[in-house]
Amino acid sequence: MKVLVHVELRGDTPGADTVGLVSRAAAIADDVEVVALAPRTEALADALARSGARRVSTVAHGTTGVSVLEASVDALERVCRDEQPDAVFFAASVRATDVAAALAARLGAGLNWDLTDIRVVDGELRGTRPILGDSKLAEVGWKGEGPSLALFRPGAFARVDVPDAAPPEVRRLDVTPRDAWARVTVSDTTAQPDTGPRLDEAEVIVSGGRGIGAPEHLELIRELARALGGVAGVSMPVVTQGWAPYSMQVGQTGTIVRPRLYVACGISGQLQHRVGMERSGAIIAINTDPAAPIFSFCDVAVVGDLHAIIPRVLELL
């Protein structure tokens, strides 16, 4: 099976979700190619080869008069028509969603979204999509004339290194913009200020919920996160009460995370939050309520007052 993976870059490096998606593609297909908008290829190709890519195709960034998004669609369409892949995978983002929709329209292909897994059954792809508020899982298939297009939920897959990976074949695509795209220009871009490690890329996350009691107690969560070399997060009630910015929210309507260690402090573990962090490597939960839902799926349950426990943990650390 041949799978094409759309690579979305952050600067000159692929995001964690994209790298994990390349690894998943390599696990179910014997031929994985990635297409990226990248001016340089060496470091990019090396990183993607270690995740299972056999070929890396790049398109020049910033071509005069061409919007980056439309250039992605043109490049992917060209590769699909030339090489006839069985599927094209996307790590979900605002941009990737637009690219996938446009590509599906051009190719007459079927598109499934919000997937959390994919496998091959009797030679055909079958995707897994959460439904009914993420309380159930549905198996989905594809219809259409072109390849199967799939958008995957953030945090769906972790990177799996390929030992002794051979350098991939690297090629550069020269895509001539369509007349419509030639009239489109990017007038300005604004980069988000760097506020430290991102939640979706953190190895360790310490999150506080309504149980912290007051906004000033969020500093205790931040202090434990710093001591563990991680990032601080919060549950939705903390954001809705105005105690923390939305950028810190973990959950279905916030950021979906997959750290090696997740420490939940004063978080009950309702479905909205669980969806955003249950794929963490290890989960430690601190809560005064022994019947808190989070205790049904965490690895270590600590029944007690976080205001007494965290200071003691900090002393030990």
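The values are calculated or read from the model by the stated rules, or taken from the named source; none is laboratory data. Keep in mind that what you see is a predicted model, and the values were worked out from it rather than measured. Cβ placement follows ideal geometry from the backbone for every residue including glycine, while neighbour counts extend to all protein chains displayed. Surface accessibility is based on the protein's heavy atoms, side chains included, excluding ligands, DNA and RNA. Shrake-Rupley method; radii C 1.70, N 1.55, O 1.52, S 1.80 Å.
What whole-number value in cubic angstrom gives the convex hull volume per residue for the C-alpha atoms of the chain?
Once divided by residue count, the hull of the chain is 153 Å³.
Short-range pairs are left out: with C-alpha atoms under 8 Å and at least six residues apart, the relative contact order of segment 211-317 is 22 percent. Note on the chain: with a GNM built from Cα contacts shorter than 10 Å, the maximum mean-square fluctuation among ASP161, ASP174, ASP31 falls on ASP174. Taking packing as the residue-averaged number of other Cβ atoms within 10 angstrom, the listed peptides 206-214, 295-303 run from highest to lowest as 206-214, 295-303. Zone of GLU203 (label point 7 Å along Cα→Cβ, backbone N under 17 Å): which residues in segment 238-279? Flagged as within label range: 258-263. Rolling a 1.4 Å probe across the protein heavy atoms gives the chain an accessible surface of 49 Å² per residue.
Peptide packing for 272-281, 108-117, 13-22 was compared via the average number of neighbouring C-beta atoms within 10 Å per residue; ordered from the highest value, the list is 13-22, 272-281, 108-117.
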